[in-house]
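Trainee: The structure under discussion is supplied below as structure tokens; questions concerning it will follow.
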Amino acid sequence: MDRIRGEFIDIIEWTDDSRDTIVWRFPRHGNEIKMGAQLVVRESQVAVFVNEGRLADVYQPGTYTLSTRNMPVLSTLKGWKHGFESPFKAEVYFVTTRQFTDFKWGTQNPVILRDADFGMVRVRAFGTFAAKVVDAAALLRELVGTDPQFRTEEVGEHLRQLIVSKLGSALGAAGVPLLDLAARQDGIGRQLAEALTQELAATGIAVPRFHIENISVPPEVEAAIDTRSRMAVTGNLDDYAKLQAADAMTIAAANPGTGGDAVGLGVGMALGQRIAQSASGAATAPPVPAAQPVPAPASADVPPPLPTAPRWFLAVGGQQQGPYDESALAGQVAAGNLTRATLVWRSGQAAWQPAEGIPELAPLFADVPPPLPPQG
């Protein structure tokens with residue numbers, strides 16, 4: 001039936017109903033093509049004639065009547081002494097020249113890079129790329145051969161291996177820090193597309209588009225990046241700590257009770273430590289020349305500084321209490337904590353003494369009667 005059908009077929013064409021066929025050979029019994037057959041080459045296709053194992057001619061999109069006038073290369077090679085009056089042996093290959101955009105790539109093993117911030121880093125990457133045929137004759141010579149149907153899966157793995165081999169050198173040659181890779185992915189993708197196109201020029205394939213969807217790093221590097229970003233967000237750590245302490249004090253004041261008091265106590269301790277650190281820093285700082293005092297006018301009346309009230313300590317129930325000033329001691333007398341026999345002490349005394357033996361405290365007991373005498 002193929003032989004009988006071949007006697008009547010005079011239209012050679014291909015309508016691709018798949019999305020992954022790159023090369024398709026026109027089926028003809030005995031590869032006998034008649035004189036005057038019509039060749040229809042559609043857009044995004046080229047037709048390649050192979051005569052007795054040798055590439056004869058390449059036809060661009062259009063409609064052709066096969067004759068010696070349309071096939072000068074074949075006429076030169078064969079002579080065609082029969083003038084195409086009898087069938088001639090030839091094979092017709094249709095090659096798709098549109099872009100195939102469903103190629104995916106990824107690194108099975110990490111690529112080691114030297115980064116200025118993190119040292120040696122292992123990165124993984126994945127993405128997509130597009131490929132198209134730019135030289136049909138070279139493709140048939142280098143990759144297709146006599147395959148009647150050449151699909152993308154037959155060349156996809158070769159392209160992916162080539163990409164992985166070029167990725168490390170492209171990333172290293174770019175000299176982009178790890179933190180800036182996301183912003184430079186498009187530029188690196190264009191560089192890789194150009195490098196792959198040059199590498200595949202001998203096979204007639206070009207890579208017009210190359211996309212890097214993601215570049216990932218190990219978890220420990222991600223943790224280091226997160227730490228650095230948190231430090232950048234906080235800015236001045238001293239000001240940030242003060243702000244956090246002020247916010248905690250506000251929350252503690254709005255929530256009185258055991259929890260709020262504990263928070264306030266912790267914040268107070270933190271602020272105390274901060275003040276102590278500031279004081280110690282000020283102590284170690286270079287001395288600042290003191291400003292010269294401005295002499296007061298001779299006629300100005302400047303009172304002397306107020307005298308400092310003495311501070312008293314009491315011995316009540318075997319425990320030390322105080323210090324108290326004299327106004328606070330009156331309250332202690334009224335409460336019964338300070339009596340004539342209570343031992344008291346202040347700065348300048350050699351030892352504890354009973355309150356009744358200190359003249360300064362005598363006015364406190366003027367209205368207090370002495371103890372009752374023993375009753376018979």
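The values are calculated or read from the model by the stated rules, or taken from the named source; none is laboratory data. Bear in mind that the values here come from a model prediction, so they are computed numbers and not experimental data. Virtual Cβ from ideal backbone geometry, glycine too; neighbours counted across all protein chains shown. Accessible surface is based on the protein model in full, side chains and every heavy atom, while ligands, DNA and RNA are left aside. Shrake-Rupley method; radii C 1.70, N 1.55, O 1.52, S 1.80 Å.
Trainee: Here is a check on your reading of the model: is Val23 under 14 Å from Glu91 (Cα atoms) and at pLDDT 90 or above?
Mentor: Taking the combined requirement at face value, the residue satisfies it.
Trainee: Turning to a different aspect of this structure: So Glu153 ticks every box in (1) under 27 Å from the mean Cα position of the chain (by Cα); (2) among the charged types (D, E, K, R); (3) surrounded by fewer than 15 Cβ atoms within 10 Å (Cβ to Cβ) but one. Which box is left unticked?
Mentor: The number of the failed condition is (1).
Trainee: Does Arg209 satisfy the criteria of being surrounded by 12 or more Cβ atoms within 10 Å (Cβ to Cβ), among the basic types (Lys, Arg) and without any contact (Cβ under 8 Å) to a residue 12 or more places away in the chain?
Mentor: For Arg209, the condition - surrounded by 12 or more Cβ atoms within 10 Å (Cβ to Cβ), among the basic types (Lys, Arg) and without any contact (Cβ under 8 Å) to a residue 12 or more places away in the chain - is not met.
Trainee: Between a residue in the stretch 102-113 that is touching a residue at least 60 places away in the same chain (Cβ under 8 Å) and any residue that is open to solvent by 30 Å² or more (accessible area, probe 1.4 Å) and small (Gly, Ala, Ser), which pairs come within a Cβ distance under 7 Å, given they are 6 or more apart or on different chains?
Mentor: What qualifies is Leu113/Gly172.
Trainee: For the stretch 109-144, how many residues meet the condition of being at pLDDT 85 or above, of a type outside the set (Val, Ile, Thr) and either surrounded by 18 or more Cβ atoms within 10 Å (Cβ to Cβ) or not in a strand (DSSP E or B) (or both)?
Mentor: Of the residues in that region, 14 qualify.
Trainee: Can you run down the residue pairs with Cβ atoms below 7 Å, 6 or more apart or on separate chains, where the first is in the stretch 166-194 and in contact (Cβ under 8 Å) with a residue 40 or more places away in the chain and the partner is assigned to a loop (DSSP other than H, G, I, E, B) and of a type in the set (Phe, Trp, Tyr)?
Mentor: As it stands, the answer is Leu178/Phe118, since those pairs meet every condition given.
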